[in-house]
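Trainee: Below is one structure. I have some questions about it.
The values are calculated or read from the model by the stated rules, or taken from the named source; none is laboratory data. The model shown is predicted, which means the values in this text are computed figures rather than measured ones. Cβ placement follows ideal geometry from the backbone for every residue including glycine, while neighbour counts extend to all protein chains displayed.
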Amino acid sequence: MAPLHHFDTFAPPEPDRVALDRQYAALMKQADDEPLDALFTWDALRRQTDTWLAVTGLRFRQDTRDAAARDARDRANRLSTWLDDRNATVIRRLLDEPEVQAEVGDRTLAAWRMDLEAFDPAASERLDEEKDTAARYFELMGSAKVEFEGSNQSLSALAVHRGDPDRARREAASRAKWSFYAGHREQLDGIYDELVQLRAGIAKTLGHSDFIETAYRRRRRVDWGRDDVSRFRARIREHVVPLAATLRAQQQDALGLDALRVWDEEVPDSRGAPTPKGDLIEAGREAFGALHPELGAFFDVMVQRGLLDLPVRDGKAPGGFCTTFPEPRLPFIFANCNGSKDDVKVLVHEVGHAFQKWCSRPLPWIDQVRCSAEAAEVHSMGLEFLSWPALDAFFGDEVDRFRRQHLIRALTFLPYGVAVDHFQHRVFENPSASPAERHAIWQEMEATYLPWRSYGDLPHASEGGFWQGQRHIYVYPFYYVDYALAQTCALQLWHRSLDDHAGAMTEYVALCGRGATEPFQAMVRSAGLRSPFDEGVLAEVVQSAAGWLGV
Ligand SMILES: [Zn+2]
């Protein structure tokens, strides 16, 4: 096991293809005599390779200008496609071995079957191209410089102004941001069109009717499908869109505006968005320690071993995420904290992901720790709500304003979440649509799910281009609905915690410990929650939130 005393000195060796080739050949031989031993060998091998892949991807995103880090990232992308091929061969060999089946459990077996259906060596070249093309989007966004108030700022730094109490400043920051998009329209349309064509081609090679079939398998959606999602979207339109529209109308009144524009949406009232006070890490120590002793101890480990990279920096790729190093069994949190309220949301959210990895690290198999995203987002979005009693460590006397806004955001997010998802369904149902037609589809989504949305004469966004700021659409296709499903579960946890916070917290820690041992809906039910696909659940959840808000 590679030791990780501190992330700064953590340098797992780059896997050597020739050596790997030998190891995989030996593993296949071992599978003939001792399938269970082969499973152990394979798991250990994957922990090594996946740790190097994770570190390499992360180091590049920490500084997208570092040429050596970019080269390593490119090698990692190649290696990962090559490994998908080898791993598919191993899965095919082990899948029907009764000893292996009994050991890993039904959920892992179902996930492996999906892996096999989502990969074909004949698609390798296109899969590599897909990674390279998605990386171009990351690089474009990471390198973006926007002139604002006399200085050049990154898009991540500029985002702090979304909560500014000064409306003119919010609007100006929004204009600066969307001018960048307008200036790169052709590039953004071009990258996306290439991705759509590549993905449609991959689906064809795999024998799927469209890329949607491919994406659901890639995302290991073992116990739900597109019909479930279609019904979920209909319920959002029925139960959530009208409520969200009411909340936006109330917000417009609270701000005393004639029209609520997109640059006002993050601001609850004339005081602006609540902002965190003091040092994030210190406040985190206090808050996580107060919530649960195990969570507090875990956060201390993260701090001591340098497993947090929080501040916004030049050259850093945008966004926030949690990655894992499976060999030392430790997670890492990457963010772009810029002094806004989102810093706390991102920190708590990513700590939720990281804590799940931590709690389930005693599970023997890598696939039992690694949740599919709809399940993983329950751990992160769930903790966002469970952290409510401890958030005064960050917000002081603004904590009530933050909580209220958090809940409003959770509700208004649901229609946006499915709009992004529905958009992608439409795009891949008709992959030959032109870029202009795709912008029109997005505008149709906005009219359906975000009827309050108003861009004024903002460049690009007012012409159907808003979706191009949503990196998941480029880089993680079909991810987005996972957030809406998980939010429906997180809101149930929130509701329970209002009566019994300690009980909800205990249930949450146990849920994190079970990792990915169950399919999504069984996992949710094991924590006493209802599946977001069950009849009536969404309506009930939304009603209890509306009741708390007094709407
Ligand atoms: Zn997340």
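Trainee: Would segment 209-224 turn up any residue that is charged (D, E, K, R) and at pLDDT below 95?
Mentor: Looking for residues that are charged (D, E, K, R) and at pLDDT below 95, one finds none in segment 209-224, hence no.
Trainee: OK, next. In segment 128-169, what residues are among the basic types (Lys, Arg) and outside any loop (DSSP other than H, G, I, E, B)?
Mentor: Residues satisfying the conditions are 131, 136, 162, 167, 169.
Trainee: Any residue at all in segment 297-318 that's away from the ligand (no atom under 16 Å from the Cβ), within 12 Å of residue 383 (Cβ to Cβ) and in contact with a helix residue (DSSP H, G or I) (Cβ under 6 Å, 6 or more places away or on another chain)?
Mentor: Within segment 297-318, one or more residues are away from the ligand (no atom under 16 Å from the Cβ), within 12 Å of residue 383 (Cβ to Cβ) and in contact with a helix residue (DSSP H, G or I) (Cβ under 6 Å, 6 or more places away or on another chain).
Trainee: A further question follows. Against the condition closer than 23 Å to residue 263 by Cα, more than 16 Å from the ligand (Cβ to nearest atom), surrounded by fewer than 20 Cβ atoms within 10 Å (Cβ to Cβ) and without any contact (Cβ under 8 Å) to a residue 24 or more places away in the chain, how does residue 457 come out, does it pass?
Mentor: yes
Residue-by-condition table, conditions (1) surrounded by fewer than 18 Cβ atoms within 10 Å (Cβ to Cβ); (2) outside any helix (DSSP H, G or I); (3) touching a residue at least 12 places away in the same chain (Cβ under 8 Å):
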| residue | (1), (2), (3) |
| --- | --- |
| 42 | no, no, yes |
| 46 | no, no, yes |
| 49 | no, no, yes |
| 54 | no, no, yes |
| 60 | no, no, yes |
| 71 | yes, no, no |
| 74 | yes, no, yes |
| 81 | no, no, yes |
| 90 | no, no, yes |
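Trainee: Taking helices (runs of 4 or more DSSP H) that fall entirely within segment 338-449, which contain at least 2 residues that are of a type in the set (Gly, Ala, Ser) and either within 16 Å of the ligand (Cβ to nearest atom) or farther than 22 Å from residue 240 by Cα (or both)?
Mentor: Helices (runs of 4 or more DSSP H) meeting the threshold: 342-359, 373-386, 399-429, 435-449.
Trainee: Still on this structure, please answer the following. Restrict the check to segment 82-89 and report whether at least one residue is within 30 Å of residue 306 (Cα to Cα) and among the aromatic types (Phe, Trp, Tyr).
Mentor: no
Trainee: So, in segment 476-491, exactly how many residues are surrounded by fewer than 24 Cβ atoms within 10 Å (Cβ to Cβ), more than 14 Å from the ligand (Cβ to nearest atom) and assigned to a helix (DSSP H, G or I)?
Mentor: 0
Trainee: Check off (1) crowded, with 20+ Cβ neighbours inside 10 Å; (2) part of a loop (DSSP other than H, G, I, E, B); (3) within 16 Å of the ligand (Cβ to nearest atom) for residue 327 and give me the number that stays unchecked.
Mentor: Answer for residue 327: the failing condition is (3).
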